[in-house]
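Step one of this worksheet: look at the structure below.
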Amino acid sequence: MCEVIPELFLSAALPYDLDEALVVLEAWRAAGITDYVDVRIEDDASEFFAEHAPDIRYWCAPADDHLGLQDQSWWTQVNELIRAAFARGGKCMVTCAIGVNRSPSIVFSTLLTLGWEVEAALTQVRTARPVAVAPYADQAAVWHALTRGKSETEVASLRRRAQRWHEQNPIDARRVISSIHGRLAS
């Protein structure tokens, strides 16, 4: 569980083992998590939350982790869910399968909506979750700029800033993902 800002957290999805999942869930409760946004297309935890955590709002906003373009409406949908949790005074957990690609990218986009600069937001996400690759950050920057009515030049500039941050702060995505999958298998 990685706290990005006091009301926004990032993690891998809950473990499939029930006992392990319940331990993680209790840690989330202890941190005050009120809303859970699950961006996995490959699974759905709604039944688990209905049975074991009816006190936590479960939201499923699936997206494929294909490293291609994410639909612009997905960014809007997920950010509306997160901002609704904030408006209620809640704390939101955002997860994808292993907390490396989709969820860090979404959390980055949320920080942009809160007024963070591209570089500071990406640094905050990586500081909170050192394995965050956030390969969709440039798309998030474009989404943010477009929803704010920015010019084509400003859109391109924000996208380029996200790309430049990644160039200046490289992470070996294959090594990270292999390492996480190795731990999950053992």
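Before moving on, here are some points about what is shown:
- The set of residues in segment 158-186 being modelled with pLDDT of 95 or more, surrounded by fewer than 15 Cβ atoms within 10 Å (Cβ to Cβ) and closer than 22 Å to VAL131 by Cβ consists of GLN163, ARG164, GLU167, GLN168, ASN169.
- Top-ranked residue in segment 105-116 [being over 13 Å from ALA162 (Cα atoms) and under 8 Å from the mean Cα position of the chain (by Cα); ranked as surrounded by the fewest Cβ atoms within 10 Å (Cβ to Cβ)]: VAL107
- Restricting VAL100, VAL94 to those that are in contact (Cβ under 8 Å) with a residue 60 or more places away in the chain, within 24 Å of GLU167 (Cα to Cα) and not hydroxyl-bearing (Ser, Thr, Tyr) reduces the list to VAL100.
- Scanning segment 50-76 for residues that are part of a strand (DSSP E or B) and not basic (Lys, Arg), we see that the one that is farthest from VAL24 (Cα to Cα) is ALA63.
- Exactly one residue out of VAL125, VAL155 is over 13 Å from the mean Cα position of the chain (by Cα), among the hydrophobic types (A, V, I, L, M, F, W, C) and at pLDDT 95 or above: that is VAL155.
- Within segment 1-49, the residues that satisfy the criterion of being assigned to a helix (DSSP H, G or I) and under 27 Å from THR76 (Cα atoms) are LEU25, TRP28, ARG29, SER46, GLU47, PHE48, PHE49.
- GLU7 vs. criteria over 18 Å from VAL125 (Cβ atoms) and either acidic (Asp, Glu) or touching a residue at least 12 places away in the same chain (Cβ under 8 Å) (or both): no
- Across segment 28-41, the qualifying residues are those that are of a type outside the set (Val, Ile, Thr) and closer than 14 Å to GLY99 by Cβ, and the one among them that is surrounded by the most Cβ atoms within 10 Å (Cβ to Cβ) is TYR36.
- Only a single item in (1) touching a Ser or Thr at 6+ places or on another chain (Cβ under 7 Å); (2) within 26 Å of ASP172 (Cβ to Cβ); (3) assigned to a helix (DSSP H, G or I) is not met by ASN79, and it is number (2).
The values are calculated or read from the model by the stated rules, or taken from the named source; none is laboratory data. Since the structure is predicted, the reported quantities are computational estimates derived from the model, not experimental observations. All Cβ positions, even for glycine, are placed from backbone atoms using ideal geometry, and neighbour counts span all protein chains on display.
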